[in-house]
Amino acid sequence: MGEDIYSKLLDKAEGTFSKSIRSQRRLKIPEPDIIYEGKVTIIRNFASVIEMLNRDPKIFIKFLTRELGIGISMDPPRLIINKKVDQETIRKKLEQFLQIYVECYECGSPDTEIKRVGRVDVLECKACGAQHALKMTKDINQNESTLEEGRTYSITVNEIGPSGEGRGNFRGFTIIVPGAKKGETVKVLVKKIRKGTAIAEKVKED
């Protein structure tokens, strides 16, 4: 396919992929309401923040304790951090927690849950069905958090578009793969990207 064909496919696809997936793709975390008492930092609206993230507060406390290296406790609805931490640092840690423990690595949906599979904690997506070990998800989000033209990726086709093209979700992008079938996991070469949509071609496995 030539560049003009890819552009036409993107023009046709833009705005037609599932609105439910698009709307679920990103959570807006409430701004942490912080006050300081001596050397202690208190997040006064922690209960509403963690409710939005839909995770057990103990998971976040364990994560933040590891990240900051300091004692943390919960006094509902507040979170108490035993040292002064600036607003921007807390905001960044919340964003990091969202990426690792909440958002699906494949499609970006926050409609996920954490399950124990054997000895591994797995993040399972209810939107696209993807499963990833949490440690693996962390590594991927830190090192390869986007999509690039000219690179190959493995994706699962989870729906068929109006023109019969296969569609999958990966790293927050909708990837259109002509000729791919629903439920098929394929290796694809990304040819062109525009906004949140990409056109890709199936790559023959060796």
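Quick test of your reading of the structure: residue 163 fulfils all but one of (1) hydroxyl-bearing (Ser, Thr, Tyr); (2) surrounded by 20 or more Cβ atoms within 10 Å (Cβ to Cβ); (3) in a loop (DSSP other than H, G, I, E, B). Name the failing condition by number.
(2)
Name the residues in region 172-187 that are within 20 Å of the chain's Cα centre (by Cα) and either modelled with pLDDT of 90 or more or crowded, with 21+ Cβ neighbours inside 10 Å (or both), would you?
173, 174, 175, 176
I'd like the residue in region 54-76 that is surrounded by fewer than 16 Cβ atoms within 10 Å (Cβ to Cβ) and over 26 Å from the mean Cα position of the chain (by Cα) and, out of all such residues, is farthest from residue 40 (Cα to Cα).
Looking at the filtered set, the residue picked out is 76.
Among the residues of region 11-32, write down those that are farther than 18 Å from residue 100 by Cβ and either among the hydrophobic types (A, V, I, L, M, F, W, C) or modelled with pLDDT of 95 or more (or both).
If the condition is that a residue be farther than 18 Å from residue 100 by Cβ and either among the hydrophobic types (A, V, I, L, M, F, W, C) or modelled with pLDDT of 95 or more (or both), then 13, 17, 21 are the ones that fit.
The values are calculated or read from the model by the stated rules, or taken from the named source; none is laboratory data. For clarity, every value in this text was computed on a predicted model and none was experimentally measured. All Cβ positions, glycine included, derive from the backbone under ideal geometry; neighbour counts span all protein chains shown.
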